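Take a look at the structure below.
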Ligand code: IDP
Ligand code: MG
């Protein structure tokens, strides 16, 4: 059993596809172990994406992530980290496989509907960023 962090980003929340995205997880063996809707501050968005702080798109990424509410979730299941990445599709929705979340719900490489942890180690760090242990059931 693994746990991973998923974020439904501001573009997908604004479009009203929270339920459709969660259905992809639940229909593919991932359970929602914790969930909250919130809006990030610039400080928190910068901290969350600190690994990208030297990339040219960092400023845009932070502005996008604070532009509206997001939904953060802990997903749990067998191979949850890899399975979530597979369901998400490639970072650029134009390169994402048909039937993936990004292919179906995202418009562009910056507004790409979802975030998912890329390793078990980062999943642990990212889950702790959003959730207290008592919120994960
Ligand atoms: P990932 O979300 O598929 O793991 P990362 O490379 O970790 O992709 O990048 C984090 C986020 O930064 C992406 O989801 C996307 O929103 C944004 N991003 C990545 N590359 C670009 C780019 O070239 N231009 C604008 N935004 C980008
Ligand atoms: Mg990433």
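Values quoted throughout were computed directly from the atomic coordinates according to the rules given, and no laboratory measurement underlies them. Everything numeric in this text was worked out from a predicted model, so none of it was measured. As a convention, Cβ positions derive from the backbone with ideal geometry for all residues, glycine included, and neighbour counts pool all protein chains shown.
Annotations
- By the compact-protein rule of thumb, 2.2 N^0.38 Å, the alpha-carbon radius of gyration of region 1-94 corresponds to a ratio of 1.10.
- Each label point was placed 7 Å from the Cα along the Cα-to-Cβ direction; for residue 14 and residue 107 their separation is 0.6 nm.
- The fewest-to-most ranking of 4, 100 by surrounding Cβ atoms within 10 Å reads 100, 4.
- Pairs of C-alpha atoms in region 92-137 farther apart than 15 Å represent 56 percent of all such pairs.
- Exposure proxy shown here: for 38, 30, 87, 61, the number of other Cβ atoms within 10 Å sets the order, fewest to most, as 38, 61, 87, 30.
- Spin-label pair residue 67/residue 137, simplified geometry with 7 Å Cα→Cβ offset, distance in nm: 3.5
- P(r) for region 39-98, from all Cα pairs and a bin width of 5 Å, is 4, 16, 17, 18, 26, 16, 4, 0 %, short bins first.
- With R₀ fixed at 25 Å, the C-beta to C-beta distance from residue 23 to residue 97 puts the FRET efficiency at about 0.90.
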